[in-house]
1. Restricting to region 128-280, compute how many DSSP beta bridges are antiparallel as a %, nearest 5.
2. Among rounded, prolate and oblate, which fits region 313-395 when a ≥ b ≥ c are the square roots of the eigenvalues of its C-alpha gyration tensor, a/c under 1.5 means rounded, and a/b larger than b/c means prolate?
3. Please give the length that would be gained between Ser402 and Lys83 if that part of the chain were fully extended, namely 0.36 nm times their separation in residues minus their C-alpha to C-alpha distance (nm, one decimal).
4. Amide H neighbours of Phe172 under 5 Å, counting only residues 5+ apart in sequence or on other chains, H built in-plane at 1.01 Å?
5. Does anything in region 91-119 have its amide N under 19 Å from the 7 Å Cα→Cβ label point of Ser282, and if so which residues?
6. To check you understand DSSP bridge types, tell me what percent of the beta bridges within the chain (both residues inside) are antiparallel, rounded to 5.
7. Report the equivalent ellipsoid semi-axes for region 117-268 in whole Å, largest first, defined as the square roots of five times the eigenvalues of the gyration tensor built from alpha carbon atoms.
8. Rg and Dmax of region 224-298, using alpha carbons, in Å: what are they?
Amino acid sequence: MFHYDQCLEDHIKSLQDEGRYRVFLDLERIVGQYPKAYNFGDYTSVDGKCPRNTLEPLSDITVWCSNDYLGMGQHPDVLTSMKDAIDRMGAGAGGTRNISGNHHLIVELEKELADLHDKEAALVFSSGYVANESTLSTLSKLLPGCVMISDELNHASMIQGILHGKAEKRVFRHNDLEHLEEILKEIDPNRPKLLAFESVYSMDGDICPMKEILDLAEKYNAFTYLDEVHAVGMYGPRGGGIADREGLMDRVDIIQGTLAKAYGVIGGYISGKSSTIDAIRSYASGFIFTTTLPPAVASGALTSVRHLKDSDAERKLQQERASELRTLLSEAEIPYIDSVTHIVPVLVGDPVLCKEVSDRLLGQFGMYIQPINYPTVPRGTERLRITPGPLHSSEMLKELVSALSKIWSEIKLPRAA
């Protein structure tokens, strides 16, 4: 007889043997003191239960790896709007929109997001993952004979959407314009083509050559799908992303974004022409059969989007902190990928050592950075992905690099030239 439990246990053991088994901390972020959080200990254990049966935290820690890039999840205006929405409308949305209709805050949020990207319409999903997976899989079915063309480093949600659509798939080398044009040339000019790419790639922090990609898309009549999840709120005069910063939003057919990173809440969305958005609304299973965001979440996201349209202070300070961190790492000869964005990846290159650095940072210095390993990044490029934000102080940055330098010496990791 087949032993189901043993099979699954073997899969877990293989992760542990490779040093890729992930352990999550039980954290409680402290309102008004972000990036500080209470640490309640390791949540993952053999039996899936928290090994510490207590309500008392182990310690206070500083979080360095959050995707709440600008600290908007702690902003008082966002919190107030969420509380007010609960008092006015209750906790839940009541179901899917096909059953319960739109609650008014979702309508307002979609108008605000369409305006953010200078598009006719927008559609909100339960997450950025669902927005990508649902939209791309639906488009591949609605566009007859479509070829889906994808950057090789696109997010897993984009890859899954393309795979689920069952259309022909072509992958071009990361940000390689020559390879992209080779692929486009090979496809019949009259055949539908969808070109999917990201603005900011989250693990290396690099930015795509957007203008040149759009030039090729227009030359070969390809429909463009741009993922801006790591850029919305953080780039451009109103936070519309890299396309906003470069003045290219009008040349992109669909801009996809998230409400869970710079905006500090949860949810994903797409924006584009009214006909495009209506087609996705009408055909995408991930939208049709999923309960909509609760009013409080929509209210918090709406407040956050509006705030960052008007305020540039958070964006400027975040960039200053990222630049300051790179300077300190260079002085300490800690190897890192020198990106031009807010993401600062510190390279370790080994999954076991990467986790050891992470464990020592937490245990010795009260600093939390989750190790990143395969399959999120290629083997041999394991790293600590640091995301300094406007609420990290210069003193905190110096303390972090000092701690990293000590650990580098203790476990004899190679320094950067």
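The values are calculated or read from the model by the stated rules, or taken from the named source; none is laboratory data. Given the structure is predicted, the values throughout are model-derived calculations rather than measurements. Neighbour counts are summed over all protein chains in view; Cβ atoms, including those assigned to glycine, are modelled from backbone coordinates with ideal geometry. All accessible areas refer to the heavy atoms of the entire protein, side chains included, with ligands and DNA or RNA removed. Shrake-Rupley method; radii C 1.70, N 1.55, O 1.52, S 1.80 Å.
1. Working: 5 of 22 bridges.
Percentage antiparallel, nearest 5: 25.
2. Values: a/c = 1.90, a/b = 1.51, b/c = 1.26.
Prolate.
3. Numbers: separation 319, 0.36 × 319 = 114.84 nm, distance 4.01 nm.
Full-extension gain reported as 110.8 nm.
4. Hits under the 5 Å cutoff: Ser150, Asp151, Glu152.
5. Backbone N within reach: 97-99, 101-102.
6. Values: 25 of 44 bridges.
Here the share of antiparallel DSSP bridges comes out near 55 percent.
7. Values: eigenvalues 107, 60, 39 Å².
The equivalent ellipsoid of region 117-268 has semi-axes of 23, 17, 14 Å.
8. According to the Cα coordinates of region 224-298, Rg and Dmax are 13.1, 36 Å.
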